[in-house]
Structures are given as C-alpha cells and as structure tokens.
1. Could you let me know the centre-to-centre spacing of the stretch B:172-217 and the stretch A:43-96, using Cα atoms, in angstrom?
2. Under 5 Å between amide hydrogens, which residues at least 5 positions from A:G57 or on another chain qualify, with H placed 1.01 Å from N in the peptide plane?
3. Explain nothing, just compute: Karplus ³J(HN,Hα) = 6.51 cos²θ - 1.76 cosθ + 1.60, θ = phi - 60°, for every residue of the stretch A:42-52 in order, whole Hz, x for Gly and Pro.
4. Which far-off residues, 5 or more places away or on another chain, put their amide H under 5 Å from the one on A:I191, with H placed in the peptide plane?
5. How high is the FRET efficiency from A:M1 to B:M181, r the C-beta distance, R0 56 Å, rounded to 0.05?
6. Using only the Cα atoms of the stretch A:75-220, what semi-axes does the equivalent ellipsoid have when each is the square root of 5 times a gyration tensor eigenvalue? Give whole Å, largest first.
7. For the stretch A:55-69, what does the Karplus curve 6.51 cos²θ - 1.76 cosθ + 1.60, with θ = phi - 60°, yield as ³J(HN,Hα) per residue in whole Hz, taken in order and with x for Gly and Pro?
8. Set Lys and Arg Cβ to +1 and Asp and Glu Cβ to -1, take the dipole of the stretch B:115-229 about its Cα centre, and tell me which of B:W115, B:I186, B:A141 lies farthest positive.
Amino acid sequence: MIEFSDVGLRYGNGPEILRDLTFSIEPGSFHFLTGPSGAGKTSLLRLLLLSLKPSRGKVTMFGEDVSDLSQDRLLQMRRHIGIVFQEFRLLDHLTTFENVALPLRVLGQPESEYRPNVTELLEWVGLGERMNALPSLLSGGEKQRAAIARAVIARPKVLLADEPTGNVDPELSSRLVHLFAELNRTLGTTIILATHELPLLDKFSYPRMLLSKGELVIHD
Amino acid sequence: MIERVAGLFNILRRRRGAAPIVPEKSVAGRTLLLMITIMSFLSAVTLGGVVLVQKSAIAWSADVGRELTIQIRPVEGEVMESNLRTAVSLAQTTPGVASARALTLEESQKLLEPWLGAGLDLAAIEVPRLVVVQLADPVDADIEGLTRNLAAIKGASLDTHAAWRQQLNTMAGTIVLSGLMVLALIGVATVLAIIFATRGAMATNREIVDVLHYIGASNRFIAGEFQGRFLSIGLQGGLIGAAAALLFFALIGAAAGNMLSSEAGAQMGVLFGRFALGVDGMIGILAVIPVIAALTAITSRMTVRRYLSETS
C-alpha cells in the first residue's frame with residue numbers, strides 16, 4: 001500500500017530532515033511511529049499525507065509514484081488518507097456533528113445522505129449526546145474522539161495520527177489507542193500513529209517505526 | 001439598518017441548510033459591508049447623474065433642433081415690415097416647416113430688455129427683427145432650400161443654432177464621460193478593497209483553509225466557500241447602496257420641486273427635468289446591485305484561488 005525507497009526530505013536549502021527512509025506498509029496494518037522530539041515524525045507524516053514531496057527517493061502510495069502526480073490526482077489520493085492532530089484542529093464555529101460531517105460535505109454529499117452515517121459514528125465513538133455541542137464545550141478526550149470520527153467518516157484507506165494522545169491524560173490515551181485499534185480491526189483501516197509516549201508502546205504490541213535524527217533505526 | 005439587513009440575510013442563509021464553513025463574522029463583515037454600501041451608493045448616484053444629464057441634453061437638443069430663427073438686419077432702402085412678411089411666407093412654404101411668425105416689436109423689446117433696459121422705444125432705433133420658425137420634422141425640413149430663398153432678402157440670415165447645439169452636446173458628452181470615468185474608478189477602488197479584505201480573511205481563516213486541505217477539499221471548493229460569503233456581503237451592500245441612492249434622488253427631486261421658488265424651480269426643471277430619473281434611470285440604479293455583487297464574488301474568488309495557489 002505504501003512504499004518508501006531511499007527517501008530524503010529537506011526544506012529549501014536546509015539540511016536533510018529525513019534520510020534514506022526505506023520501508024513498506026501493508027494494507028490493514030497498525031504501526032506506531034515513534035522517536036524523540038525533532039526526529040522527523042511530523043515531517044514523515046506530512047510526506048505520507050502528500051502535503052510534501054520528497055527531495056529524493058521514491059514514494060509509492062496505492063500503487064502510484066506520487067512524485068509525478070497532477071494536483072487533481074493528488075487531491076483524489078489525499079481523500080483516501082485521514083489525519084488526526086494532537087491539537088484536534090476542529091473548527092470552533094461548527095458543532096461536533098458538523099465538524100465530523102465536513103469531509104462528506106467537501107465531497108458534495110447532501111446532509112440527508114450523510115446524517116445517518118455521521119450520527120451512527122458519533123454514537124460509536126461515544127459522542128451521541130454531544131452531537132450539537134460546539135468544540136469549546138467539549139473535553140480534551142471528546143475533542144479527540146470527534147477529530148478521530150472526522151478523520152474516518154469518509155472511510156479512508158490510511159489513517160495518520162500525529163501525537164493524538166498528547167493533550168489527554170494517560171488513562172484516556174490508552175482508551176483512544178483502543179479506539180484506533182477498534183477502527184483498524186473493524187474497518188480494516190491502515191493506521192500509523194505517531195507518539196513518543198513509551199508506556200503506550202509497551203501496552204500495545206503493534207509494530208514500531210523508530211525515527212532518530214531523521215533516519216529509520218527500527219521498523220519491526 | 002445595515003445590521004438589520006445583514007441579520008435577515010444570515011437568517012435566510014441558516015434556514016437553507018448547514019452552517020457556513022467560513023464563519024460569517026470572520027470575513028471583515030461589517031467594515032466590508034459598509035465599504036461596499038458606500039461604493040454602491042456612489043456608483044448609483046453617479047449613474048443616476050449621468051442618466052439625468054444625458055436625458056436633459058437629449059431633450060434640450062431636440063427642443064432647440066425644432067426651432068430656427070431668421071434674422072433680418074436693417075438695410076438702407078429696404079422696408080423691414082415687407083421683408084418680414086416675405087421671410088414668413090418663404091418659411092411657411094418650405095417643406096418640413098410647421099409654422100413661422102415674426103416677433104412683434106414688443107416681443108423684440110422684451111428680448112433686448114436684459115441688455116438695454118426696460119421702457120425703451122424701439123421705434124426710434126433700427127434693430128434687427130426676428131422670425132421664429134418651428135419645424136414639423138427637423139430631419140426632413142428643407143433648410144438648405146430656405147437658406148437659398150432667404151438670399152433674395154437683403155440683410156436676412158438663418159440661424160439653425162447648430163453651434164449652440166454642438167456646444168451643448170459637447171458639454172453633455174464631457175459630463176457623461178466624466179461620470180463613466182468616476183464609475184470606473186469606483187469599480188477599481190471596490191475591487192482593490194475586496195482584494196485586501198479577501199486576503200485578510202484568508203489570513204484570519206488560515207486554520208480553516210488548512211483543515212479543509214487536510215480533509216481533501218479542492219482549491220475550487222474552498223474558493224467557493226469564501227465566494228459565497230463575499231457574494232452575500234456584496235448583495236447586501238449593493239441593495240442598501242442602491243436603495244439609498246433611489247431615496248437620495250427622490251429627496252432631491254422633492255426638494256427641487258418644493259423648496260426652490262417657482263421661477264428657480266422652473267429653471268432647474270429646464271436644466272435637469274425636475275430630477276426625474278425615469279424607468280431607465282431606476283433600472284440603471286437597480287442594476288448596480290447585481291453588478292456590485294458579481295464584482296465582489298468574482299474578485300474574491302480570483303483572490304482566493306490566487307492565494308491558495310501561492311500558499312499550497
């Protein structure tokens with residue numbers, strides 16, 4: 001599904017942030033992406049999200065070399081990728097329901113069509129009662145569950161999560177990772193979850209990708 | 001008033017469906033609405049002024065074009081009254097002439113009063129005399145034939161007021177052209193203000209733009225969302241500005257009719273047709289609404305597309 005071959009990334013004329021990355025991700029798998037701050041986790045996620053192009057090497061996603069793709073094709077491929085951020089990035093003026101429905105609205109679906117699906121997903125992530133609440137009224141855990149629901153509502157093939165447990169307590173972190181695991185198991189979504197919380201890595205036995213100074217030192 | 005109308009539009013928007021992705025308050029709403037309202041008002045007033053001047057100029061020109069004046073200067077050995085009768089007769093037999101009559105001495109005296117003063121006995125002085133000729137149809141009138149025939153009367157000349165009409169048309173044309181230039185400048189200023197407002201709104205809503213990109217929204221979709229907000233503001237501003245301009249012309253018309261003395265009012269009426277815009281003038285002013293709205297929407301869409309292509 002995803003293949004990196006000798007990939008390097010630099011911003012402008014600066015030093016290489018990522019070096020010689022070679023790995024592959026199989027469909028339906030779950031990977032932790034870990035490493036110390038500044039190791040390049042977010043840059044690697046941005047490459048996977050197709051918001052950056054590699055400075056060198058080859059990135060293949062869904063069977064296509066992403067370096068030569070047109071803007072339209074890149075957009076189509078990006079719609080197969082969901083993203084969850086540490087800081088949630090919900091739109092403050094929209095309700096939980098409207099935030100989660102946003103990807104379907106962007107795809108042009110009418111509300112009558114997506115309302116049952118969004119409602120069902122919100123209930124599944126435990127936000128059925130908070131559907132009409134604005135993000136400012138949600139707790140950290142609720143915000144992150146809403147962000148996860150928004151990321152998966154359009155059924156992406158790959159779900160990227162950038163430190164999704166960074167703003168919640170350890171117990172909630174564990175519950176959120178269980179939620180990702182459940183999504184992986186029930187929907188078959190490929191998940192790459194970036195975190196630097198070692199207890200989480202010990203608690204779940206998913207393969208790890210360890211980045212250090214821009215290089216992939218472990219990929220099991 | 002502006003806020004009430006804006007509120008009504010917002011209510012209508014909300015009833016239509018889901019909340020707007022670009023928040024209504026973040027698009028420099030009130031300031032931009034006020035600016036577009038002022039620009040719409042200025043455009044509508046300029047347009048109305050141009051219509052008034054043009055209509056008056058056409059009316060003046062048509063009135064003057066229907067009248068000719070035969071002037072008969074006193075010539076030694078010629079009998080003025082006889083020449084006057086001949087001139088009237090020649091004019092009346094010319095094709096296209098509706099009527100012709102010589103001004104009496106009293107009427108000539110009145111015409112000279114502003115220069116020579118009242119109570120003058122013209123019988124004591126030899127003054128030129130005039131024959132007023134009304135044309136039935138200025139296009140078909142045989143003016144050249146009349147000019148040729150008048151050559152037989154010593155001291156007679158025909159004044160078609162062509163030079164005066166030419167000056168009038170030039171003056172009206174200059175005013176209309178100036179008005180159109182002012183309209184164009186208002187348009188340019190509006191476009192520039194919308195560009196700055198759009199770029200400001202994009203910077204303010206950078207987070208929304210990023211999120212939309214991350215969830216797979218195309219630049220076209222994002223531009224459409226911003227365009228929708230600006231179209232709404234443009235419609236509101238255009239509507240309020242045009243309504244204010246119509247009110248302005250109604251008040252000016254009423255003031256010209258009631259507040260000025262009857263003589264001054266009559267003179268203003270001759271000049272500006274009593275500020276009556278007419279149906280075409282009102283249509284022109286109402287046309288400002290969709291034009292301003294379209295200008296706002298198109299400018300904002302192009303600015304957003306450019307901004308997105310620069311930043312993505």
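1. Cα centroid to Cα centroid, the span is 31 Å.
2. Here the answer is A:G8, since their amide H atoms fall under 5 Å of that of A:G57.
3. The phi angles translate into 5, 5, 5, 5, 5, 5, 5, 7, 6, 8, 10 Hz.
4. Sorted by chain and number, the residues that satisfy this are A:S29, A:F30, A:H31, A:L159.
5. For R0 = 56 Å, the calculated efficiency reads 0.35.
6. Ellipsoid semi-axes (Å, largest first): 27, 18, 13.
7. 6, 8, x, 10, 10, 10, 10, 6, x, 10, 6, 7, 6, 9, 6
8. Value computed over the given set: B:I186.
Bear in mind these aren't lab numbers, they're just calculated from the coordinates by the rules spelled out. Because the structure is predicted, anything quoted here is derived from the model rather than measured. With ideal geometry, Cβ positions are generated from the backbone for all residues, glycine too; neighbour counts draw on all protein chains shown.
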